[in-house]
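Below: one structure, written as structure tokens.
The values are calculated or read from the model by the stated rules, or taken from the named source; none is laboratory data. These numbers come from a predicted model, not from an experiment. When we count neighbours, we look across all protein chains shown, and the Cβ atoms used for this are built from the backbone with ideal geometry, even at glycine.
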Amino acid sequence: MERWRAFRKVAAAIMFFSIIQAPLSAKKKNEKSAPKVVTLALPERKNVSFFGSIDSRVMSLVEYGSPESLREAYSLIRRNNSAYSDAERVLIYIIEAFFELCWQRERIPGFASVNVDDLKANPYVGPVMFAYDGVYDTSAGVSDFFSFILPSLVLAGSSSRDDYYADAESALSAALEKSPGSVIANYLYGVLCRRTGRDEDAVAFFRKAEKAGTFEVSFALASSLYGLGRYDEAWKISSALVSSEPYDRNVLKLCAENSFALGNLDDAEEFVAKVLQQEPDNASYMLFRARILMEKGDNIRAASILDVYARTDSKSRDYLLLRSKIQKDWNRNVRAATTTIETALALYPDDPEVMLAAARLASDTGGRVLGLSAGDLAAMILSMRPDDPDARRIQVGDFVQRRMWSDAYPLSAAIVSGEKCGKADVFAHIKICLALGKSDEAWNLVTEIYGENPSDEDNIQSYLTVLVAMSKRAEATELIGKLLASGSPKMKSFAYYQKSFIDKAEDQILNDLRLSLTSNPRNKDSLFKLYQIYYRKKEFRKAQYYLKQVVALSPTDEELLSLNASLDLLLKGDSK
């Protein structure tokens with residue numbers, strides 16, 4: 001490589017002096033004839049018109065750079081190898097590079113390579129040779145479309161370096177100024193945008209190159225759309241790709257991840273299985289399969305996969321996160337789940353995903369991880385990733401749990417107004433609005449979501465909650481009657497609980513709550529309200545009877561544990 005660079009420098013120096021010699025000698029003869037010097041110098045720029053002998057139609061086809069246009073260009077200049085001019089040989093070499101580096105699945109029927117070893121010093125051959133070697137070369141010394149585009153071929157052939165991205169962006173911009181519709185230029189610019197984390201820009205460039213119908217452009221476009229969370233659009237493309245390329249590993253992986261993101265768990269599991277058939281030792285996809293099974297509720301098979309995985313690696317980040325989740329959700333062992341996530345935090349202390357899993361665990365259980373609450377952990381994540389939506393949700397939940405409604409409101413409002421707002425976000429914001437007396441805002445939100453699907457149980461619960469909170473007794477009573485007549489046990493329990501806020505007499509309220517527990521003995525809201533009633537009545541043993549049942553359902557909730565400890569002290573005092 002060093003000998004090649006030295007040769008390039010010598011050749012460039014010879015070309016430079018041959019170009020400037022005539023104008024310099026002319027200047028010595030006549031110092032005042034500056035216009036003549038300019039006129040004489042222009043013809044010496046032979047590299048600008050290096051392809052001047054080739055038909056402009058051929059040049060336009062190669063600049064366009066799609067497989068179809070390149071095949072047509074080759075067919076127009078193809079002849080016996082001995083008859084090719086230097087310009088034609090270089091152009092064929094460029095065509096071949098476009099196929100080998102960018103359009104690897106495409107072919108030119110009857111294509112015959114040309115030898116360009118004697119043209120290594122050519123300003124178009126060198127950048128291509130360097131691109132094959134993973135090097136971005138900027139020494140062409142000319143300023144036409146090919147001099148701008150050829151060095152950037154390295155983007156398609158190598159991803160090991162990034163020190164040339166700024167130069168590549170400038171060159172590709174210049175190339176597109178000369179040929180805005182070029183498929184090859186738009187594709188390479190899209191690749192550059194993906195590498196630099198600009199998927200939105202990448203999509204725009206890939207869309208312009210999409211008309212070529214190449215696998216590479218379609219796959220890159222689908223990947224960018226997936227990266228942007230535009231899963232439906234990504235699936236439309238990736239599902240078409242897997243139909244034509246059913247064994248391509250990268251396509252199978254994209255389809256697996258896309259299916260999972262869309263909630264199509266059966267499809268996701270099928271694609272993951274196909275990946276593992278080709279890559280049986282792919283550890284990340286073993287864990288991906290376990291994750292899918294957990295989402296499907298097949299925890300026995302998921303746990304078996306995790307057990308097998310742990311024999312070779314029990315410290316993997318993803319393994320620890322999944323193990324903690326299955327311990328909490330399936331084994332119902334919060335202590336074990338906490339220990340596992342604390343191990344993950346010790347091994348990966350600055351990993352936002354580990355912190356997020358710890359924050360979720362603390363939020364779900366009301367406990368602490370390494371002495372940190374859900375809110376503490378969420379704040380740490382937001383210090384690293386200020387726009388992290390999951391961390392914001394956890395922080396809102398922490399504020400709600402601590403009844404810090406004013407702190408929760410602006411964060412919740414921002415989530416609800418965002419593009420990725422879910423139903424749970426709306427329900428949480430409605431609860432916050434009611435606590436702050438913002439009844440109109442709560443009403444507007446709940447009527448919209450209830451109107452979209454009035455048979456959805458979550459929608460019904462939120463709607464009834466708002467009706468009761470706003471003292472719309474007639475509408476609330478009518479809906480409660482319907483739920484008690486034909487609702488599920490869960491909905492009947494909820495209806496009786498809401499009825500307890502409408503009834504005035506204490507006996508009737510207590511009866512509502514007991515009926516609520518008859519339908520669902522694990523209704524935490526009804527249990528906690530009974531605790532509150534008996535606590536106010538100073539019937540502390542009855543109060544603790546119900547509070548202990550709430551604690552049993554949330555054994556790590558610090559607030560509940562504190563309330564129970566206070567009751568213990570009161571009861572001990574009474575016994576004295």
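Can we say residue 345 is more than 19 Å from residue 558 (Cα to Cα) and either buried (at least 21 other Cβ atoms within 10 Å of the Cβ) or at pLDDT 95 or above (or both)?
yes
Can you tell which of 139, 159, 143 is touching a Lys or Arg at 6+ places or on another chain (Cβ under 9 Å), over 28 Å from residue 222 (Cβ atoms) and either among the acidic types (Asp, Glu) or assigned to a loop (DSSP other than H, G, I, E, B) (or both)? Write out each step before concluding.
Working: 159 fails: over 28 Å from residue 222 (Cβ atoms); 143 fails: touching a Lys or Arg at 6+ places or on another chain (Cβ under 9 Å).
Answer to the check: 139.
Go through (1) surrounded by fewer than 18 Cβ atoms within 10 Å (Cβ to Cβ); (2) of a type outside the set (S, T, N, Q); (3) over 43 Å from the mean Cα position of the chain (by Cα) one by one and return the number of the condition residue 531 breaks.
(1)
More than 30 Å from residue 459 (Cβ to Cβ) and part of a loop (DSSP other than H, G, I, E, B): which single residue out of 555, 521 fits that description?
So the residue among 555, 521 that is more than 30 Å from residue 459 (Cβ to Cβ) and part of a loop (DSSP other than H, G, I, E, B) is 555.
Among the candidates 406, 462, single out the residue that is touching a Phe, Trp or Tyr at 6+ places or on another chain (Cβ under 9 Å), closer than 22 Å to residue 386 by Cβ and in a helix (DSSP H, G or I).
So the residue among 406, 462 that is touching a Phe, Trp or Tyr at 6+ places or on another chain (Cβ under 9 Å), closer than 22 Å to residue 386 by Cβ and in a helix (DSSP H, G or I) is 406.
Only one of (1) free of Cβ contacts under 8 Å to residues at least 24 places away in the same chain; (2) surrounded by fewer than 20 Cβ atoms within 10 Å (Cβ to Cβ); (3) in a helix (DSSP H, G or I) is not met by residue 390, so which one is it?
Status for residue 390: all satisfied but (1).
Take the residues in the stretch 162-197 that are of a type in the set (D, E, K, R) and in a helix (DSSP H, G or I); name whichever of them is nearest to residue 51 (Cα to Cα).
Within the stretch 162-197, the match that is nearest to residue 51 (Cα to Cα) is 178.
Take the residues in the stretch 190-245 that are closer than 23 Å to residue 68 by Cα and among the polar types (S, T, N, Q); name whichever of them is surrounded by the most Cβ atoms within 10 Å (Cβ to Cβ).
Among them, the one singled out is 238.
Listed residues 336, 302, 346, 310; which is closer than 19 Å to residue 272 by Cα and of a type outside the set (Asp, Glu)?
After applying the criteria, what remains is 302.
Each row is one residue, and each column tells you yes or no for (1) closer than 24 Å to residue 49 by Cβ; (2) in contact with a Gly (Cβ under 8 Å, 6 or more places away or on another chain); (3) free of Cβ contacts under 8 Å to residues at least 24 places away in the same chain.
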residue	(1), (2), (3)
63	yes, no, no
76	yes, no, yes
108	no, no, no
114	yes, no, no
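Return a yes/no flag: does the stretch 241-251 have any residue that is among the charged types (D, E, K, R), in the same structural domain as residue 172 (by TED's automatic domain parsing) and in contact (Cβ under 8 Å) with a residue 24 or more places away in the chain.
No, the stretch 241-251 has no match at all.
Being within 14 Å of the chain's Cα centre (by Cα) and assigned to a loop (DSSP other than H, G, I, E, B) is the filter here, so list the residues in the stretch 219-258 that pass it.
228, 229, 230
Is at least one residue of the stretch 320-328 outside any helix (DSSP H, G or I), within 23 Å of residue 552 (Cα to Cα) and not hydroxyl-bearing (Ser, Thr, Tyr)?
Within the stretch 320-328, not a single residue is outside any helix (DSSP H, G or I), within 23 Å of residue 552 (Cα to Cα) and not hydroxyl-bearing (Ser, Thr, Tyr).
Take residue 418 and tell me if it is within 25 Å of residue 554 (Cβ to Cβ) and either buried (at least 17 other Cβ atoms within 10 Å of the Cβ) or not hydrophobic (A, V, I, L, M, F, W, C) (or both). Explain how you work it out, then say what you get.
Values: within 25 Å of residue 554 (Cβ to Cβ): no; either buried (at least 17 other Cβ atoms within 10 Å of the Cβ) or not hydrophobic (A, V, I, L, M, F, W, C) (or both): yes.
It is false that residue 418 is within 25 Å of residue 554 (Cβ to Cβ) and either buried (at least 17 other Cβ atoms within 10 Å of the Cβ) or not hydrophobic (A, V, I, L, M, F, W, C) (or both).
Hey, among 350, 318, 364, 313, which residue is within 21 Å of the chain's Cα centre (by Cα), over 30 Å from residue 245 (Cα atoms) and not aliphatic (A, V, I, L, M)?
None of the other options fit; the residue is 350.
Conditions first: (1) surrounded by 11 or more Cβ atoms within 10 Å (Cβ to Cβ); (2) of a type in the set (D, E, K, R); (3) modelled with pLDDT under 50. Residue 32 passes all but one, so which condition is the exception?
In the conditions (1) surrounded by 11 or more Cβ atoms within 10 Å (Cβ to Cβ); (2) of a type in the set (D, E, K, R); (3) modelled with pLDDT under 50, residue 32 misses (1) alone.
Working only within the stretch 89-105, note down all residues that are of a type in the set (Asp, Glu) and surrounded by fewer than 19 Cβ atoms within 10 Å (Cβ to Cβ).
Of everything in the stretch 89-105, just one residue is of a type in the set (Asp, Glu) and surrounded by fewer than 19 Cβ atoms within 10 Å (Cβ to Cβ), namely 100.
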